[in-house]
1. Quick one: in the stretch A:55-71, which of the residues that are buried (at least 17 other Cβ atoms within 10 Å of the Cβ) and away from chain B (no Cβ under 14 Å) is nearest to A:ILE87 (Cα to Cα)?
2. Out of all the residues in the stretch A:32-68, which are charged (D, E, K, R) and either outside any helix (DSSP H, G or I) or closer than 19 Å to A:GLU112 by Cα (or both)?
3. Taking A:ALA31, is it small (Gly, Ala, Ser), more than 22 Å from B:MET113 (Cα to Cα) and modelled with pLDDT of 90 or more?
4. Could you list all residues from the stretch B:70-94 that are more than 14 Å from every other protein chain (Cβ to nearest Cβ) and at pLDDT 85 or above?
5. Which of the residues that make up the stretch A:97-116 are assigned to a helix (DSSP H, G or I) and over 19 Å from A:ASN71 (Cβ atoms)?
6. Taking the condition farther than 14 Å from B:ILE171 by Cβ, within 12 Å of another protein chain (Cβ to nearest Cβ) and of a type in the set (A, V, I, L, M), does B:ALA98 pass?
7. Considering each residue of the stretch B:27-57, count those that are within 14 Å of chain A (Cβ to nearest Cβ) and among the charged types (D, E, K, R), and give that number.
8. In the stretch B:25-54, how many are under 22 Å from B:PRO107 (Cβ atoms) and either hydrophobic (A, V, I, L, M, F, W, C) or out of contact with any Gly (no Cβ under 9 Å at 6 or more places or on another chain) (or both)?
Amino acid sequence: MRQALGRTGWYGQMVQGLDADRAAQLDAGLARVRARFIASLSDRIDGFYELLGGLQDGGDWQDVTADLRANAHKLHGISGSVGFADIGKKAARLEARIDSLTGTPASADLVEIRGLLNQLLDTMEQSLDAA
Amino acid sequence: MKILAVDDDELIRELLLATLEAHGYSDVVLAESGEDALRKIAMASTPFDVFMFDIQMPGMDGIELTHRVREMAIYRRSPVVMITAMNQKDYIDRAFLAGATDYVTKPFDTTEMITRIRLADRLQAEMQRTAIAAAAPARPEKQKSSFAHPIAIEEIKGYVSQGVLQNYVMIMKEQKQFAIGAFAIRVPELEHVHAGSTTEEFAYVITDVAEVISDVLVGSQAFVTYVGAGVFLCVGPKRSLPEVETMQDQLISMLNDPDLVYCEDVKTSFSAQIGAVAAPKLLERREDLRFLERAVENLKQCPAHEALGLGRAERAAGRFVSAHAA
């Protein structure tokens, strides 16, 4: 796994300044977290599709956007820390767009949110395929 | 160093544990919520040295958790590092106002995170020294703290220690969300107060003056610290800092409010000098805090002393107002 992770980018930054033993220790820990994150992607994708359905069928937008925001927030927090910066950025965009809603969203708002969610889902699926 | 790390995301908790342990912090306790954290704090056989709280969690969030921890005497001054994916100024300000001492953002930059933990470690050591000094029996007058030294002040809205203020400034500089500015306020009469009072009495007076400054700065989103020698340093968004003249008028009026009892035997006749605002320079590194020193240096441009009765224009020009009876 250590070799697979490489020594550059996010991983190189994570182990920077550590001696070999400590780096190996962190190596193992990061590999474990990354593997669990990848394993969780499929369920996260399913959860987002469910919420996308809620947005499309005119469900309770408040509940749906609150759940969507909570899921995007969590994804934003963890993705970049385990080497999936693109997912993190798209999740952050979705989160910020939902935060910008004031009052009942116009249909254009929901279209935009659906668009951002679709972009996020595309990136998650691509990452899952590549992992 | 014993650390309590709280985050509702299991993967983040695992990541924190792996990172902290690899950097030599082996005594790490994890909690999944604010409520879980309070249980673990209550059950701890030895106190925690540093806290790391996620801001946004279901149930009790990190800001409320910080409030609750600050209510515990043993943790009143302990370092609290907030961790969150958010970087909006509003969240940062609320976290610092709740008593947070530092802030890291997700996704984690490990080098940065460990730097913040080491700073927290230093802050904890500094706070322990202050607490030990405060708990020590009254010292003979000749051993009184030097006038030049800062004094720990607690529980004033917007007041933070020097270390915390520096952390706040570094975060603001890093996030480049707005232009920050710093200015210093000197109350020259505090030197005489110091000379004629005990350490405890002087601390009361400094606390009251800090409270007045905090009241004057309300709404400006500024933070204040006492740097010693009668000087308070204020930092906030440049655009919302009050006008010097407005501050001077309010400061003088409030510092000399007859209802404000500083301490028996301490004359309540204070003036105030307000230095020009100093700002970070372009391309300055995040850790470069020299503009804070420049803010204090700017006090040297203030006239040494003027008596009450000068016209407003003259006072404004000198950036100095005295409330001494003519």
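The values are calculated or read from the model by the stated rules, or taken from the named source; none is laboratory data. Bear in mind the structure is a predicted one, so any value in this text is a computation, not a measurement. Quick reminder, even Gly has a Cβ in these numbers, built from the backbone with ideal geometry, and neighbours come from all protein chains shown. For accessibility, only protein heavy atoms count, side chains too; no ligands or nucleic acids. Shrake-Rupley method; radii C 1.70, N 1.55, O 1.52, S 1.80 Å.
1. Step one: list which residues in the stretch A:55-71 are buried (at least 17 other Cβ atoms within 10 Å of the Cβ), which gives A:55, A:61, A:64-65, A:68-69, A:71.
With away from chain B (no Cβ under 14 Å) added as a condition, the list becomes A:55, A:61, A:64-65, A:68.
On the way: A:LEU55: 21, A:TRP61: 24, A:VAL64: 20, A:THR65: 18, A:LEU68: 15 Å.
Within the stretch A:55-71, the match that is nearest to A:ILE87 (Cα to Cα) is A:LEU68.
2. In the first step, residues of the stretch A:32-68 are kept if they are charged (D, E, K, R); the result is A:32, A:34, A:36, A:43-44, A:46, A:50, A:57, A:60, A:63, A:67.
Within the stretch A:32-68, A:GLU50, A:ASP57, A:ASP60, A:ASP63, A:ASP67 meet the criteria.
3. When the stated conditions are applied, A:ALA31 does not pass them.
4. Correct list: B:ARG70, B:GLU71, B:MET72, B:ALA73, B:ILE74, B:TYR75, B:ARG76, B:SER78, B:PRO79, B:VAL80, B:VAL81.
5. Of all residues in the stretch A:97-116, those assigned to a helix (DSSP H, G or I) come to A:97-99, A:107-116.
Of everything in the stretch A:97-116, those that are assigned to a helix (DSSP H, G or I) and over 19 Å from A:ASN71 (Cβ atoms) turn out to be A:SER107, A:ALA108, A:VAL111.
6. Numbers: farther than 14 Å from B:ILE171 by Cβ: yes; within 12 Å of another protein chain (Cβ to nearest Cβ): no; of a type in the set (A, V, I, L, M): yes.
Here the answer is no, as B:ALA98 does not meet what is asked.
7. Matching residues across the stretch B:27-57 total 2.
8. First, the residues of the stretch B:25-54 that are under 22 Å from B:PRO107 (Cβ atoms): B:25, B:28, B:30-33, B:50-54.
From the residues that got through so far, the ones that are either hydrophobic (A, V, I, L, M, F, W, C) or out of contact with any Gly (no Cβ under 9 Å at 6 or more places or on another chain) (or both) too are B:25, B:28, B:30-32, B:50-53.
Counting residues in the stretch B:25-54 that are under 22 Å from B:PRO107 (Cβ atoms) and either hydrophobic (A, V, I, L, M, F, W, C) or out of contact with any Gly (no Cβ under 9 Å at 6 or more places or on another chain) (or both) gives 9.
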